[in-house]
1. Among (1) touching a residue at least 60 places away in the same chain (Cβ under 8 Å); (2) assigned to a strand (DSSP E or B), there is one condition D159 misses while meeting the rest; what is its number?
2. Find all pairs meeting these conditions: Cβ atoms under 7 angstrom apart; at least six residues apart or on different chains; first residue within segment 226-237 and in a strand (DSSP E or B); second residue open to solvent by less than 90 Å² (accessible area, probe 1.4 Å) and among the hydroxyl-bearing types (S, T, Y).
3. Among all residue pairs at least 6 apart or on different chains, which show Cβ distances below 7 Å where the first residue, located in segment 75-94, is assigned to a strand (DSSP E or B) and the second is surrounded by 20 or more Cβ atoms within 10 Å (Cβ to Cβ) and among the small types (G, A, S)?
4. Out of the residues in segment 130-153 that are over 17 Å from the mean Cα position of the chain (by Cα) and either buried (at least 19 other Cβ atoms within 10 Å of the Cβ) or touching a residue at least 40 places away in the same chain (Cβ under 8 Å) (or both), which is farthest from S252 (Cα to Cα)?
5. Give all pairs with beta carbons closer than 7 Å in which a residue from segment 114-126 that is assigned to a loop (DSSP other than H, G, I, E, B) meets a residue that is among the aromatic types (F, W, Y) and at pLDDT 90 or above; count only pairs at least 6 apart in sequence or on separate chains.
6. Can you tell me which residue in segment 46-98 is modelled with the lowest pLDDT, limited to those that are of a type in the set (F, W, Y) and surrounded by 14 or more Cβ atoms within 10 Å (Cβ to Cβ)?
7. So which residues in segment 104-126 are open to solvent by 40 Å² or more (accessible area, probe 1.4 Å) and touching an Asp or Glu at 6+ places or on another chain (Cβ under 8 Å), if there are any at all?
Amino acid sequence: MEAHNTGGNVGEKADVEMAGSPFEPYIESLRQQLEEQDPVFLIGVIVALAVVVITCVFLKYFLTSKTVRTSVLLVGLCDSGKTLLFSRLLSGKFKRTQTSITDSSAPYKAKNDRGSTWTLIDLPGHDSLRPQYLEKFKSAARAIVFVVDSAIFQKEVRDVAEFLYVLLTDAVITRNAPALVVACNKQDITMAKSAKLIQQQLEKELNTLRVTRSAVLSSQDGSVGGSMYLGKKGKDFEFSQLPMKVEFAECSARGSKGEDGDADMEMLEKALAKL
């Protein structure tokens, strides 16, 4: 009898607690409505809710993981004038330079009304160092300034095109599509090639490289080992086919008056102001 009374007291206590809950009428009403619904309808509601939750999680992950690209990379072959160009863009002053063996970076304020500030990074031009530094900084690139020595371009066209080919077929660079500015440097030298001629010859050389290297590309998705197909299949290569904006700018980091004068970088600065 004592055990029976104890059980009764517990049950009565639970009933009192349930009766006293302010949400009890709503819970009971919801339970009745769910029981009256078609099971197929309930399954549809559950699936819809699951889709909403998964979408929210995906969007949160995508938005929080997206890298903010604020760097402008200065790249090119050795002795193309990258480091002097780096100094001129930052301070406007002439500076004697030597071959870089590591990267240099500093804030660069673009000459526009928005007051945009980017991180200008000068990468080593030696072919043994280029890959590791490109790998380090390519994900953060908002723009890539590819510096060309216009005075000896004819001798270096193959090497320039090969380096440019590596950049333009890189999967990360292709996906992020940073602006590409080909800075045709050393225009103060008499034998310097024009930006138009450099563009035409690079398109021709890149088209040849694409043909010779196409054997290693997958015929299904156009990529293998992190490399993408350059341009459009079945058409001669042109820079206009690339996913990023491309601009050629003539410049002279040294300037027509040498160390005592100003650099000629108006076209390059205008290109950077558009970023």
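The values are calculated or read from the model by the stated rules, or taken from the named source; none is laboratory data. Note that the structure is a prediction, hence the values are computed from the model and not measured. Heads up, the Cβs are rebuilt from the backbone with ideal geometry, glycines too, and the neighbour counts pull from every protein chain shown. Note: areas computed on protein heavy atoms with side chains; ligands, DNA, RNA excluded. Shrake-Rupley method; radii C 1.70, N 1.55, O 1.52, S 1.80 Å.
1. (2)
2. Qualifying pairs under 7 Å: S227/T169; M228/T169; M228/T174.
3. As it stands, the answer is G76/G125, since those pairs meet every condition given.
4. Filtering first and then ranking leaves R130.
5. What qualifies is L123/Y133; L123/F137; P124/Y133.
6. F94
7. S104, S105, K111 - these are the residues of segment 104-126 that are open to solvent by 40 Å² or more (accessible area, probe 1.4 Å) and touching an Asp or Glu at 6+ places or on another chain (Cβ under 8 Å).
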